[in-house]
Amino acid sequence: MKSARADAEAIWKAAIEAVAPERLVASQAEVLREHVAASERVVVVGGGKAAAGLAAGIEALLGTDVLARHDVAGLVSVPAGCGRRLERIEIRQTRPAGANLPTAAVVEATREMLAMIGRLGPRDLVIAAITGGGSALVAAPRPGVSLEEKISRTRALSEAGADIATLNAARRNLSLVKGGGLALACSAGRLVAVVISDVIGSDFGVIASGPCVAPGGGPAWTTPGGCRVEHLLLGDNATAVEAAANAAWSLGYEVAIDETTDGEQAEEVGRRLALRALGRLAESARDGRPRAVIAGGEAVVRVPADHGVGGRNQQTALAALAEVRDREGAWPAGLVIASIGTDGEDGPTDAAGGVIDATVAASIGGEALARALRRCDASPLLAASGGLVRTGPTGTNVADLRLVLVR
């Protein structure tokens, strides 16, 4: 029989596979083919951690003959490690992995996109690939605002614990493309934004800072230049949570799906996971049946001035460990708690998140745990104890997944 930790790994892999961009594009094949068939030329632009997969899925969906017939071209901006070679659409790696900030290469790529969509005609179509991480991968500061100033302002908000909505509001004020700016630059007759959401609730105005959403309005609109804009949601956090729950059920667990939360402090999320875990542990002790809790969301971390290295998911995992220890004294055998980023990135680290089982817990001393939590320095401690989850860049992004397994 596999261990509970091996089950946890199988579950989070199933969740990530369910939100693979190519699979999500295929689910909307008929709609996308209809848009392309009604157009002359087609240009694909955009960016984000899942943008390469979206572009690849679009090319695969259309096929070589349609790509040629509609003179399909394009450019999407992705992090390092997400590159690939396609037939018609350029996938450009414009920022380092694990550094979720715009670069000069991002700005150059964005200006090229704006030029491409600004010379199209009324019978042409733009497909905008909009995914989580797009705020840092599609960026063009307003005149008079330097890239360094834009980065400085958003970094200060992030380190103060600002949620994604607050961060994106600041980004929109500093950008030519966010808050509808990309759509306003489009001279084609139609623009379809295909979206994979990393935002809880999937507000199109928040995902990647809403580059195609009407300023002050909704996702379906006509620009002053006559471009008709619509949005198509392909997948989100709920898609991954449902896939994880199905995977856990198939492994024999009695599954509970918890409420999705957004913007909570990582420490509070970890404490709640611990309490849920102990409750499920008591239930399992009574009848011998394995239990699982699956939840989604995205936490925040307030980073102290004297901080270490970590991320919101690693901080969540350590907070869960601390709470279980406070209540039980030791980590129960057969309990696993994990928190991971579906994009494979957690803060400025090469890990997706953290996982705690009995082996990991036994390797972490109380003083070291308290110090790591206080300094947001989870990564070295989890690395030394075998508690880091490393998936590498997954090519998708639908926020975070949290797992509790009891067996």
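At-a-glance table
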read-out: Option label - P(r) over Cα pairs in 20 Å bins from 0, in percent computed here, alternatives (i) 29, 52, 18, 1; (ii) 27, 59, 13, 0; (iii) 22, 47, 20, 8, 3, 0; value: (i)
read-out: Footprinting exposure proxy for SER3, SER284 (fewest neighbouring C-beta atoms within 10 Å first); value: SER3, SER284
read-out: For the range 238-406: relative contact order, % (alpha-carbon pairs under 8 angstrom, 6 or more apart); value: 28
read-out: Residues ILE257, ILE117, ILE130 arranged by fewest to most Cβ contacts within 10 Å; value: ILE257, ILE117, ILE130
read-out: Zone residues, the range 358-375, relative to ALA333, backbone N less than 19 Å from point 7 Å out along Cα-to-Cβ; value: 358-364
read-out: Charge dipole of the chain about the Cα centre (unit charges at C-beta), most positive-ward option of GLY310, LEU405, ALA266; value: GLY310
read-out: For LEU275, LEU86, LEU382, order by how many other beta-carbon atoms lie within 10 Å, fewest first; value: LEU275, LEU86, LEU382
read-out: Backbone HN-Hα couplings from phi across the range 310-318 [Karplus 6.51/-1.76/1.60, Hz, Gly and Pro as x]; value: x, x, 5, 6, 5, 5, 4, 4, 5
read-out: Distance between modelled label sites at ALA37 and ARG286, nm, 7 Å Cα→Cβ extension; value: 5.7
read-out: Distance between modelled label sites at LYS2 and ASP65, nm, 7 Å Cα→Cβ extension; value: 4.2
read-out: Charge dipole magnitude, Cβ of K and R +1, D and E -1 - the chain, Cα centre, debye nearest 20; value: 420
read-out: GNM result for the chain, Cα springs below 10 Å: residue of ARG85, ARG41, ARG374 fluctuating most strongly; value: ARG85
read-out: Gain on full stretching of the segment that runs from SER152 to ARG85 - 0.36 nm per residue minus C-alpha separation; value: 20.8 nm
read-out: Backbone N under 12 Å from the ARG302 label point (7 Å along Cα→Cβ), restricted to the range 236-272; value: 265-268
read-out: Choice from GLN315, GLN28, GLN93 with maximal GNM fluctuation in the chain (Cα, 10 Å cutoff); value: GLN28
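Taken together, the values in this text are just the output of simple stated rules run on the coordinates, not laboratory data. Remember, predicted model here, so these are calculated numbers, not experimental data. Positions of Cβ are generated from backbone atoms using ideal geometry, with glycine treated the same way; all protein chains shown enter the neighbour counts.
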